[in-house]
1. Rounded to the nearest 20 debye, what is the charge dipole size of the stretch 11-307 about its Cα centre when +1 sits on each Lys and Arg Cβ and -1 on each Asp and Glu Cβ?
2. Would you please classify the overall shape of the stretch 112-218 from the alpha carbon gyration tensor, given that a ≥ b ≥ c denote the square roots of the eigenvalues, rounded means a/c under 1.5, and beyond that prolate means a/b larger than b/c while oblate covers the rest?
3. Hey, with R₀ at 41 Å, roughly what FRET efficiency would GLU158 and ASN254 work out to, going by the Cβ-Cβ distance, to 0.05?
4. What's the ranking of 125-136, 202-213, 217-228 by average number of surrounding C-beta atoms within 10 Å, highest first?
5. Please sort 187-198, 275-286 by packing, taking for each peptide the average over its residues of neighbouring beta carbons within 10 angstrom, highest first.
6. For a quick check: sort TYR124, TYR14, TYR185 by the number of other beta carbons within 10 angstrom, fewest at the front.
7. Any chance you could run the full-extension gain for ALA8 through THR110? It's 0.36 nm times the residue separation minus the Cα-Cα distance, nm to one decimal.
8. Is the stretch 1-93 rounded, prolate or oblate when judged by the Cα gyration tensor, a ≥ b ≥ c being the square roots of its eigenvalues, rounded requiring a/c under 1.5 and prolate requiring a/b larger than b/c?
Amino acid sequence: MSIAASAAPPSLSYELYPPVNRAASESIFKSIEALESTDPDYVSVTYSGTHTRRRASLDLIEHLIQNTRLRPLAHLTCVGESKQSLENLIRHFISLGVRGVLALRGDLPTDPDGWRGEFPFARYLIELIREVETDHSAALAGGRLGVGVAAYPIQHPESPSFDHDVEVLLGKERSGANYAITQVYFRPEEYTNLVIAARKAGVSIPIIPGVIPLSSPKRFDRLASMVGVAPDPLLAHALETASSDAERHKIGVNAAANLAQRAFDDGAPGVHLYTFNDHRGSLDVIEKLELPRTRALANNMWAERAAV
Ligand code: FAD
């Protein structure tokens with residue numbers, strides 16, 4: 001079974017991490033400005049950790065809405081939240097003007113006695129979002145929120161099997177998810193296998209590959225332990241033995257661009273770039289991919305008309 005190619009132009013999105021100190025804030029504002037120039041369809045804002053980190057996510061979303069042309073996709077996680085607090089957050093997002101939510105279970109607390117929250121799985125959060133949005137259908141002009149979910153090219157660390165992950169993805173679609181974004185992966189066939197298995201199981205929503213340009217071996221190891229995905233040994237070796245930062249950057253960009261291109265060749269509907277708030281890698285990947293950007297084309301068309 002092959003993956004059907006889409007007639008629509010590929011989507012482009014970036015993932016941002018809320019800044020928690022002044023230096024990080026300054027750097028993220030620069031990244032936002034640089035990424036805005038590529039006209040992404042949306043930028044996603046992660047949500048996790050302490051109260052301060054979560055607050056920083058909400059502040060970043062507000063900044064994006066008020067001060068940029070970017071459309072935020074708000075990540076929302078069940079861990080450490082009650083049903084009521086999740087409901088409040090969904091209502092808050094709607095009132096801010098957020099129209100897309102990535103519904104996640106979230107990373108479990110490292111403290112085994114830490115409260116996991118009222119919802120054990122992302123599915124319940126999707127159902128809550130669908131419930132709350134009906135209350136707001138006037139504000140949403142009768143429309144709905146776009147609800148995304150996580151998908152796993154490599155077995156989720158808590159899952160008994162890859163097939164179980166696919167069943168969970170199907171359950172999330174049945175609960176109301178509109179699309180999925182994958183966890184990071186390093187071999188092209190991992191994305192393709194996931195999509196083929198998902199389609200076979202009955203999953204019909206778009207599955208967007210999540211790709212990360214990695215240029216630092218240290219960051220590679222940190223990422224691997226954070227998401228439970230073993231680093232690709234060839235890429236790890238190339239990064240470790242590279243003789244300069246410029247060479248490491250080139251290796252990381254080429255690997256990410258190759259991964260995204262292979263996913264497109266296999267029918268991927270778009271690409272989601274994990275930026276780690278370092279825009280240079282993502283911009284270089286985009287340049288290599290030469291994606292058609294319809295919004296940019298439309299803007300140019302209107303600009304040309306206005307000039308006549
Ligand atoms: P779920 O789909 O609920 O799955 C969690 C686990 O439970 C899986 O092992 C699954 O197999 C199992 N499971 C689900 N349903 C059932 C069921 N009915 N019965 C038995 N087992 C079940 N984390 C953050 O904290 N903040 C973020 O901002 C964030 N952003 C992310 C963005 C993307 C694109 C991705 C891919 C991941 C992100 N994560 C984030 C990580 C994510 O929260 C973790 O991977 C988390 O461990 C699982 O989340 P989930 O939404 O996939 O959970």
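Every number here is computed from the coordinates shown, using simple stated rules; none is lab data. Note that the structure is a prediction, hence the values are computed from the model and not measured. Positions of Cβ are generated from backbone atoms using ideal geometry, with glycine treated the same way; all protein chains shown enter the neighbour counts.
1. The dipole of the stretch 11-307 has a size of about 440 debye.
2. Details: a/c = 1.70, a/b = 1.48, b/c = 1.15.
Since a/c reaches 1.5 and a/b is larger than b/c, the shape of the stretch 112-218 is classed as prolate.
3. According to the calculation, E is roughly 0.80.
4. Going from most to least packed, we get 202-213, 125-136, 217-228.
5. 275-286, 187-198
6. Ranked by crowding around the Cβ, least crowded first: TYR124, TYR185, TYR14.
7. The ALA8-THR110 span can extend by a further 32.6 nm.
8. The shape class here is oblate.
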